[in-house]
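One structure below.
Read-outs throughout are calculated quantities, based only on the coordinates presented, and are distinct from any laboratory measurement. Everything numeric in this text was worked out from a predicted model, so none of it was measured. All Cβ positions, even for glycine, are placed from backbone atoms using ideal geometry, and neighbour counts span all protein chains on display.
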Amino acid sequence: MDITHLITLLLVGAAGLGFGFWLGFSYLKKTNRGKAAQILKEAEARAEVLKKDRLLEAKEKILALKSEHEEQVRQSQKKLQEWEQKLRSKEQSLQQKLEHNNRLQNALNEKDKAAREKLESLKMKEEELDKIKQRHIQQLEALSGLSREEARQQLVETIKNEARSEAAVFIQNTLEEARLTAQKEARKIVLQTIQRIGTETAVENAITVFPLENDDIKGRIIGREGRNIRALEAATGVEFIIDDTPETIVLSCFDPVRREIARLALHQLVLDGRIHPARIEEVVEKVSKQIEDEIVEVGKRTAIDLGIHGLPPEIIRYVGRMKYRSSYGQNLLQHSREVAQLCAVMASELGLNPKLAKRAGLLHDIGKVLDFDTELPHAIAGMKLAEKHKENPEVCNAIGAHHDEVEMTSLLSPIVQVCDAISGARPGARRETTASYIQRIKDLENLAMTMPGVSKSFAIQAGRELRVIVESDKVNDQEADALAFNLSQKIQNEMTYPGQVKVTVIREKRSVAVAR
């Protein structure tokens, strides 16, 4: 309640008083003066009472405002006292720090003075040693008959020749020892990792076969003039192939998620029996929501099973989408789980962080399941997505570098690359068509034939080893070693293949004679 309100109350009281007077005078004109006087007195009494009430109410409001103002003043004074106390404390703390810094500065000055004195002493001793050294050099030159430079050159040449021969022997022995040790340790780590991890191999196709109880249902699925099947294809984005094959419908689509939505929707429509465009759209929408919920649930369950925490909801959704994606017939989710477990085991063997390695292994192929179009390779796209969600920089680099598309900056990157190759190259993990397999074998043999001095080439062990026979009169032993290295580099740069390819160069000289 402010002063304006109080003035308003007083004006209302005065107005009421005036209104009472006016009523009294009006009544006096119509009645006798006695009654008018009595009414006037009563009006004056009521106006006086009303005035007193308004004045009392105004006084009470003024007292309340005064009390409130005094309370605010007390609070402000209390806060000012608290700030003053804090400022005093900070001032004392700063004063103590200043005194401590002064003491440190004095101590440093004393140490600096002592160091300068010691440095002067060392310089004097160094000058004395230089003089003694010069005298000794002059005496040695007089005794040997050689100048200082001549003696240095002879000594350097002698040491250089000895060091060169010893270094060559040492390098050869070190390389042999490192090669044997590295191969042994690498095989041990890889074998232990593979033995401790075992996952099932799931093969996905681009089609789904939907069985029917009888062929009568095909007509209802097609609908009048094909309206039902057109509605199904438009709602799901999947091609429905209905031919003379008994009790079978083929669903064809490269997107496994759409194909699964189409299969479940068709299953519900067949069970319900009501098949028409409106019902089809309703069922497809319902099934799409169920699949989306299942994708999120699969992502959460995968993260819990692997012990990976703190994944953003969008990343969890992409992990769930891996269930419906395959690569060379290998289910992407199973492959990523296997790579994650392999990475954890291998990181533990090498003394690295297994949890971080497992996280990088699970997310290394996440760029393959993005639900938006991008022209980037899947490794780079996955790295960009991980960086967007503030993933660990080592994890982001491992995702982007597992196909050598960015430079490796941490030890996790080669581990993820190796484990990805192990999971994809192990027997039975991936499948390829016969035509592509034969073509890869031919390309491998033809590539070897382009090298100089090669007479024959044979790709064996399903293309995992290449044996090359060279002409002995054109290629010597050193050139054979160089040929094997150059051919392996050429295969690595120009071909795409799972696992690794071993190159063996065979050079032999045969002399044949027949005794009769």
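Data table
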{"item": "Shape call, the stretch 324-366: gyration tensor on alpha carbons, a/c limit 1.5", "result": "prolate"}
{"item": "Phi-based couplings in Hz for the stretch 284-289 (Karplus 6.51, -1.76, 1.60; Gly and Pro marked x)", "result": "4, 5, 5, 5, 4, 5"}
{"item": "Protection-proxy order for peptides 105-117, 349-361, each taking the mean of Cβ atoms within 10 Å per residue, highest first", "result": "349-361, 105-117"}
{"item": "Global form of the stretch 286-424, assessed from the alpha-carbon gyration tensor, a/c cut-off 1.5", "result": "prolate"}
{"item": "Of Lys442/Lys502; Lys358/Lys390; Lys289/Lys368; Lys286/Lys368; Lys218/Lys286; Lys368/Lys388, those spanning more than 20 Å from alpha-carbon to alpha-carbon", "result": "Lys289/Lys368; Lys286/Lys368; Lys218/Lys286"}
{"item": "The stretch 434-506: C-alpha gyration tensor shape, a/c 1.5 cut-off, then a/b vs b/c", "result": "prolate"}
{"item": "Inter-probe distance in nm under a simple model that places probes 7 Å from Cα toward Cβ, at Val156 and Ala515", "result": "6.4"}
{"item": "Under-5 Å amide H pairs with Val503, H placed in peptide plane, nonlocal only", "result": "Leu466"}
